[in-house]
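Structure record follows, encoded as structure tokens.
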């Protein structure tokens, strides 16, 4: 939902596909084939389930607009990487930005590393300066609590 808010701020029309649709956003939902056919940018924000594994594959890429941009900051196996490479090489997929790949760390022989128009980051989309600072604050508080005998965030006793 945060990505949709940002996209709207840039004047983008936002549509979504979700198995668990909220009443609040019901006017944005379309079926998956319509999402593929209508989207200039497809941004994946879903967990990895059997139903979502390989959701970006050759068959679905053929349903997409020419030059589509695909973003994945969720789970690597949502994309069949060989099919994405083929889409990038043919131009069907204009660009891809991936923070996750099917096997991490990325294998040196992964064909995505040689594909054109792809940006790959090492699973760090979650880690802006503010998030890392918050993690450090929590770690310091936990260590201080442990040393003083007042454990923070205790999971078991």
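Structure values in brief
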| item | result |
| --- | --- |
| Overall Cα dimensions of the range 40-111, principal axis frame, Å, largest first | 29, 27, 18 |
| Counting DSSP beta bridges with both ends in the chain, the antiparallel % (nearest 5) | 0 |
| In Å, descending, principal axis extents of the Cα set of the range 1-64 | 31, 23, 17 |
| Degrees, to the nearest 10: 81-90 long Cα axis against longest axis of the chain | 50 |
| Peptides ranked, highest mean first, by Cβ atoms within 10 Å: ranges 127-140, 54-67, 102-115 | 54-67, 102-115, 127-140 |
| Over the range 37-79: Rg over Rh, Cα atoms, Kirkwood Rh | 0.95 |
| Helix axis angle, 129-148 relative to the chain longest principal axis, alpha carbon, degrees | 30 |
| Cα gyration tensor shape for the range 89-157, rounded if a/c is under 1.5, else prolate or oblate | prolate |
| Convex hull volume per residue in cubic angstrom - Cα atoms of the chain | 176 |
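FYI, it's all coordinate maths here, none of it is from the lab. Computed from a prediction, not measured in an experiment: that's the story for all the values here. Ideal geometry is used to build each Cβ from the backbone, glycine not excepted, and the neighbour counts take in all protein chains shown.
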